[in-house]
Amino acid sequence: MKNKMKRILAIIVCISFILTFLPINSVSFAKPKYDVWKDKIKIYDADKKIKRAEAEYEGYKYIATFDKDTNEIKLKVKPLNTKKFDKSLDNSSLNEERNFSVKVEYFDGENLKAKLIDEKTKEEYNIGDSDTVSAQFVIALPIALELSEVLIAILLASLSAIVIGGYTYVVVNKVLDKIKTKQTYDYYMSVIRFGKVFVGPAISKEEAIIRVRMADLVLQLQGDEEKAKYDYNVFCRTEDLARTLAISTHGKYQKDPPHQNSPFYFPHYHGMLTATKHAPAHMFYPN
């Protein structure tokens with residue numbers, strides 16, 4: 001037991017240095033700042049699993065897809081017809097369909113930072129909040145990087161999804177039935193943004209304990225109360241699991257109803273740091 005606790009504490013210390021640099025954004029959910037493109041983009045459900053956004057631009061069709069089961073994002077760029085290009089350009093790839101995997105590092109409802117990874121050549125292109133974006137334009141021909149950014153941002157916004165530290169979170173209400181009925185997982189990473197509870201990947205009980213204790217460390221070492229209570233929460237499949245997690249992390253606990261009169265907030269437990277002060281992390285559970 002002592003060795004297990006030492007291992008957990010070692011992980012917490014390592015993660016604390018990494019998570020120090022993760023961003024937090026408390027602004028309200030806003031429309032992506034790309035009004036010039038919005039009328040050109042069509043968003044729809046291709047089926048129950050895939051959300052799709054597409055647009056046509058300068059002879060190419062851009063198709064971004066989001067897999068609701070895996071959170072995987074893909075981008076396809078294909079010519080609408082064979083085109084004639086300036087002879088000074090290398091035309092060998094300009095008439096070929098290009099497929100990209102999309103690795104989103106951050107998306108707060110408006111601002112995006114991501115990489116496009118060419119599935120054939122493995123070349124990577126930064127989009128969104130990056131100093132290298134403008135320098136890549138010529139290299140990335142015929143890919144319009146700005147349109148690719150807009151397409152992915154609007155696709156994520158349509159799903160009420162955000163990305164923090166490479167992890168995709170969606171508003172809990174969109175996946176609540178799956179959480180309640182799919183008993184494979186008991187705990188999920190969770191954050192609070194814009195007065196709503198978001199849920200991310202499933203985690204083990206040991207990882208849930210580490211996450212809750214990380215909130216205590218952020219509060220203690222950084223004094224950042226907002227980050228501690230917004231970024232390191234856990235959504236539990238049942239109330240019993242939430243209460244057990246609170247006992248496992250702090251021994252004593254406090255049970256709270258939803259803090260806001262909103263369908264996007266949930267009842268939860270806090271561990272107790274002292275007899276009168278509760279720990280920052282929320283251990284949410286379904287109503």
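Of the listed requirements (1) open to solvent by 50 Å² or more (accessible area, probe 1.4 Å); (2) free of Cβ contacts under 8 Å to residues at least 24 places away in the same chain, LYS205 misses just one: (2). Entry remark, region 232-249: residues being under 11 Å from PHE284 (Cβ atoms) and within 17 Å of the chain's Cα centre (by Cα) number 3 in total.
As a summary of the residue check, THR244 satisfies the conditions (1) more than 17 Å from ILE192 (Cα to Cα); (2) touching a residue at least 24 places away in the same chain (Cβ under 8 Å); (3) crowded, with 17+ Cβ neighbours inside 10 Å except for the one numbered (2). Annotation: ALA275 fulfils all but one of (1) over 23 Å from LYS174 (Cα atoms); (2) in a helix (DSSP H, G or I); (3) hydrophobic (A, V, I, L, M, F, W, C); the unmet one is (2). Only residues that are within 14 Å of LEU75 (Cα to Cα), basic (Lys, Arg) and either out of contact with any Ser or Thr (no Cβ under 6 Å at 6 or more places or on another chain) or exposed (fewer than 11 other Cβ atoms within 10 Å of the Cβ) (or both): list them for region 38-55, please. LYS51, the sole residue that qualifies. Among the conditions (1) modelled with pLDDT under 90; (2) aromatic (Phe, Trp, Tyr); (3) surrounded by fewer than 19 Cβ atoms within 10 Å (Cβ to Cβ), TYR167 misses just one, which is (1).
Taking the criterion of being under 10 Å from SER148 (Cβ atoms) and either in contact with a Gly (Cβ under 8 Å, 6 or more places away or on another chain) or open to solvent by 50 Å² or more (accessible area, probe 1.4 Å) (or both), the only residue of region 113-129 that qualifies is ALA114. Remark: pairs (first residue in region 55-71, farther than 27 Å from GLY200 by Cα; second residue among the small types (Gly, Ala, Ser) and exposed (fewer than 14 other Cβ atoms within 10 Å of the Cβ); Cβ separation under 6 Å; 6+ apart in sequence or on different chains) are absent.
Do the conditions hold for ILE210, that is, is it within 12 Å of TYR232 (Cβ to Cβ), modelled with pLDDT of 90 or more and open to solvent by 20 Å² or more (accessible area, probe 1.4 Å)?
Spelling it out, it is not the case that ILE210 is within 12 Å of TYR232 (Cβ to Cβ), modelled with pLDDT of 90 or more and open to solvent by 20 Å² or more (accessible area, probe 1.4 Å).
Please tell me if VAL234 is in contact with a helix residue (DSSP H, G or I) (Cβ under 8 Å, 6 or more places away or on another chain) and either open to solvent by less than 40 Å² (accessible area, probe 1.4 Å) or closer than 19 Å to LYS277 by Cα (or both). The answer is yes for VAL234.
Scanning region 56-66 for residues that are open to solvent by less than 20 Å² (accessible area, probe 1.4 Å) and out of contact with any Asp or Glu (no Cβ under 8 Å at 6 or more places or on another chain) yields one hit, TYR60. When LYS196, LYS229, LYS252, LYS174 are checked against the criterion of being among the charged types (D, E, K, R), open to solvent by 30 Å² or more (accessible area, probe 1.4 Å) and more than 18 Å from the chain's Cα centre (by Cα), LYS252 stands alone in meeting it.
The values are calculated or read from the model by the stated rules, or taken from the named source; none is laboratory data. Everything numeric in this text was worked out from a predicted model, so none of it was measured. So basically every Cβ, Gly included, is an ideal-geometry build from the backbone, and we count neighbours across all protein chains shown. Heads up: the accessible areas ignore ligands, DNA and RNA and are worked out on the full protein's heavy atoms, side chains in. Shrake-Rupley method; radii C 1.70, N 1.55, O 1.52, S 1.80 Å.
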